[in-house]
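Beneath this line is the structure, given in structure tokens, with notes to follow.
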Amino acid sequence: MPARIYEVTRPFTDDDGGVALNVSGLACMRADAVQSRCLVIDDQGRFAQIASISNGTVAAGARLALIGRKPAKDTVGRPPIQPGCSAGNRKFKDLDGEAVAYAPPFFYVAGSHGCSRHSNRFRSSAFVLARIPEGQIADASSDGTLSLDSSNVETTYRLSEALVAAPQTRQYFTQDLMTANGHNVEGLAVTGGKLFAGLRAPTLDGNAFIVAVDVGKLFDGSAAINQGDVHTTR
């Protein structure tokens, strides 16, 4: 299949305003006759960024804070209580964003939900799933120097509950990625009311896994997520 080359006319930026070198996820709304409006996540940041794709070009737009420098009091659920990452617990820092999905009327952004790849540290900020109303993306400025109002961003820790409830892979949750085949979310899709988290690890007998759960449960803290609520495929 032939490759198509896109020119980046306005670069994506990291949290400090420098050029982002760790873009790890992108999802787009349905394209109109002129352009696609998309949301992009940087691996090592707290922000997502708008992108416009049109006529072979990609331009970064306004930024949107998904998490702050400290845990938000209104995040649904709670982070894992007894993480197994061998280097122990470290401060809330960045999302370690790995994947973006779009399913009207929301965009979704997932952290890695795993230990830091090389340092084996546990940071609760990496165990956040964010949901953003599509209207905020559609109406966002194309000015890459602006930051959007983040008051409509919803966050939850409850994807961790779903991952722990998956019997085939739960024993690898918060285990070191490089040496213990630890959990790591790498892909995301939302369709038919279900969220599908694609796992980079663990891999067992050459198989990778997808964990599916009702997306509504992830943003509702009123009922537990149990094994019966989760479906795992390989």
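Each value in this text was obtained by applying a stated rule to the coordinates, not by laboratory testing. What you see is a predicted model, and the numbers here were worked out from it, not measured in a lab. Methodologically, a virtual Cβ is constructed for each residue, glycine included, from the backbone with ideal geometry; neighbour enumeration extends over all protein chains shown.
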Starting with the fewest neighbours, write out ARG63, ARG158 ranked by other beta-carbon atoms found within 10 Å of each beta-carbon. ARG158, ARG63
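Suppose R0 equals 30 Å; then what is the FRET efficiency for GLN168 and ARG90 from their Cβ-Cβ distance, rounded to the nearest 0.05? Mind showing how you got there, number by number?
Working: r = 29 Å, r/R0 = 0.95.
Here the calculated transfer efficiency is 0.60.
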Under a Gaussian network model of the chain whose springs join Cα atoms within less than 10 Å, the largest fluctuation of ARG131, ARG90, ARG46 belongs to ARG90
Would you please state the base-10 log of I(q)/I(0) at q = 0.10, 0.12, 0.15, 0.16 1/Å for the stretch 7-233, with intensities from the Debye formula using one equal scatterer on every alpha carbon? -0.43, -0.61, -0.95, -1.08
Using a Gaussian network model of the chain with C-alpha springs under 10 Å, which one of ASP149, ASP15, ASP214 is most mobile by mean-square fluctuation? ASP149
Once both label points are put 7 Å beyond Cα along the C-beta direction, the SER119-SER151 separation in nm becomes 3.4
25 Å Cα cut-off, lysine pairs counted over the chain (separation 8 or more, or different chains): 7
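Sort LEU188, LEU204 so the one with the fewest other Cβ atoms within 10 Å of its own Cβ comes first. Mind dumping the intermediate values first?
Details: LEU188 22, LEU204 13.
If I rank by nearby Cβ atoms, fewest first, I get LEU204, LEU188.
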Calculated FRET efficiency, MET178 and ASP220, Cβ-Cβ r, R0 41 Å, to nearest 0.05? 0.75
FRET efficiency for ARG30 and ILE81, Cβ-Cβ distance as r, R0 = 45 Å, nearest 0.05? 0.65
Give the distance, in whole Å, between the Cα centre of the stretch 46-92 and the Cα centre of the stretch 204-234. 21
